[in-house]
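Taken together, the values in this text are just the output of simple stated rules run on the coordinates, not laboratory data. Keep in mind the model is a prediction, meaning the values are calculated, not measured. Please note: Cβ atoms are built from the backbone with ideal geometry, for glycine as well, and neighbour counts cover all protein chains shown.
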Amino acid sequence: MKGLYYRLTTSQDEETFVFQENEPVSSPSDYHVKLQVKACALTPINNKLISALYQSKEYVPVGRDVAGVILEVGPKVSFFQPDDEVVGILPLDFEESGLHDVIWVHEHHLVHKPDKVSWVEAAGTIRDGLCVYTALHSLAHLTPGKFVLIPDGASPFGTLAIQLSHHRGATVVTTAHGEEDKLYLEKIRPPVARVVDVSKGNVNLIEKGMEETSGLGFDIIIDAGVTLYNTGDSATKPTLLPHKHEILSLLAVGSHWVTRQQYLQLDPPDSNILFLKGATLSYLNEETWNLSSSQQGKYLHILKDVMDKLGGGIFRPYLDEPVPMYEAKVFMEMVQRKEVRKRLVVQL
């Protein structure tokens, strides 16, 4: 079977993403289902994490967020039947690309897809929905009436985070990375409390945030990355990411800061601010659920709830036009370089 793979160790004259034929590495167990893939989302490869966990790997399969129809089921499969429409996230150590036409998947990595949800919507929402649930519920304990700051709301993750926050009765403030982002965010219904355009570099995010929260700060902040230090060209090339000191200043007493900054560095004065405010800091690692099977039932419950909210219209993902299979390599290179804003999904 032909699929798309990412080469972990490359020289300058080698391609990073390659199509190659791969035979199934192992026979399916009694708990596997045979899945005909209909759509597969393209998400960046965390090569540092993969290299640390699997040092002997040379190629990593591309495409782990899949939606499709079940062709066969193993004798001990209890959740699914042939012709069921499903969606799921392939495990981190999965050996086959999600861009294969047919793959064998353990039933504990899949949930049913709602009938009125398209293949592209399902595959393009499942991972971001999982991350949003992890951030807002598992880490930040979102409840009605909270003030939530979501920088970079015009992104696949940010869009769903805004929608889930609104659904839970929170007041949301977000930032835009340009006029196009601002227009998109202003059209979200129910509307966000304020959209702060940080692209011009002359906006005081702390002032705007404190004004919106009556000087109390935000109960929950979920960043999309932070700026750790001011560089010499900060004045001429303003960064679109909030500075860590801006986030620390905007935290309310007893608040939660959920960061996606893998290598966040906090100095003693930063830790003292968190201590004085009684605030908590959590790291959002989207692979946590796949790295441990101790809470498999909770993981599947979250995936099911994500699909239920997608089917109910609560989640409206930020998707681009479907990508044909023959263009998957080019678009995946753009995704890896973070050159695309919307979620890209390959339609098989």
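Evaluate 2.2 N^0.38 Å with N set to the residue count of the stretch 43-157, then give the Cα radius of gyration divided by it.
Here the answer is 1.25, to two decimals.
At most 10 other C-beta atoms within 10 Å and a DSSP loop state: those are the exposed trypsin sites (Lys or Arg not before Pro) I care about. Give me the longest piece of the chain that has none.
By the stated rule (loop sites, at most 10 other Cβ atoms within 10 Å), 201-336.
Taking 0.36 nm per residue of separation and subtracting the Cα-Cα distance, what length does fully extending LEU92 through ILE273 add?
Difference between extended and current length: 61.5 nm.
Averaging sequence separations of C-alpha pairs under 8 Å and six or more residues apart, then dividing by the length of the stretch 69-173, give the relative contact order as a whole percent.
So the answer I get is 20 percent.
Name the long-range amide H neighbours of PHE315: under 5 Å, sequence gap of 5 or more, or other chain; modelled H, no Pro or chain starts.
Excluding prolines and chain starts, which carry no amide H, the hits are LEU310.
Using only alpha carbon pairs under 8 Å that are at least six residues apart, calculate the relative contact order of the stretch 145-222 and give it in whole percent.
After rounding, I find 35 percent.
By how many degrees, between 0 and 90 and to the nearest 10, does the Cα long axis of helix 268-277 differ from the longest principal axis of the chain?
For 268-277 against the chain, the angle is about 80 degrees.
Do the sum for the chain: with -39,500 (n - 2.57) for every DSSP H run of n ≥ 4, divided by all residues, what is the mean residue ellipticity at 222 nm, to the nearest 500 deg cm²/dmol?
On the way: 10 runs with 96 residues, N = 348.
Helix contribution divided over all residues of the chain: -8000 deg cm²/dmol.
So if the hydrodynamic radius of the stretch 207-348 is defined as the Kirkwood radius over C-alpha pairs, what does Stokes-Einstein give as its diffusion coefficient at 20 °C and 1.002 mPa s, in µm² per second? Let's see the in-between values first.
Working: Rh = 18.6 Å.
For the chosen part, D equals 115 µm²/s.
Roughly what angle does helix 156-167 make with the longest principal axis of the chain, taking Cα atoms, 0 to 90 degrees, to the nearest 10?
70 degrees
Sum up the charges of everything whose Cβ sits under 12 Å from the Cβ of ILE206, counting Lys and Arg as +1 and Asp and Glu as -1, but leave ILE206 out.
Net local charge, ILE206 excluded: -3.
What are the equivalent ellipsoid semi-axes of the stretch 135-293, built from the alpha-carbon gyration tensor (square roots of five times its eigenvalues), in whole angstrom, biggest first?
Largest first, the stretch 135-293 gives 21, 21, 17 Å.
Which number do you get for Rg(Cα) / (2.2 N^0.38 Å) in the stretch 169-212? Don't skip to the answer; put the middle values down first.
Numbers: Rg = 10.5 Å, N = 44, 2.2 N^0.38 = 9.3 Å.
Taking N as the residue count of the stretch 169-212, the ratio is 1.13.
Kirkwood hydrodynamic radius for the stretch 151-227: how many Å is it when counted over pairs of different Cα atoms?
Averaging 1/r across every pair of different Cα atoms and inverting gives 12.7 Å.
Run a plain Debye calculation on the chain (Cα atoms as equal point scatterers, no solvent) and give log10 I(q)/I(0) at q = 0.10, 0.14 Å⁻¹, rounded to two decimals, same order as the q list.
-0.64, -1.19
With +1 on each Lys and Arg Cβ and -1 on each Asp and Glu Cβ, how big is the dipole of the chain about its Cα centre, in debye rounded to the nearest 20? All intermediate terms of the calculation are to be shown ahead of the outcome.
Numbers: 33 positive and 44 negative charges, 177 e Å.
Computed about the Cα centre, the dipole is about 860 debye.
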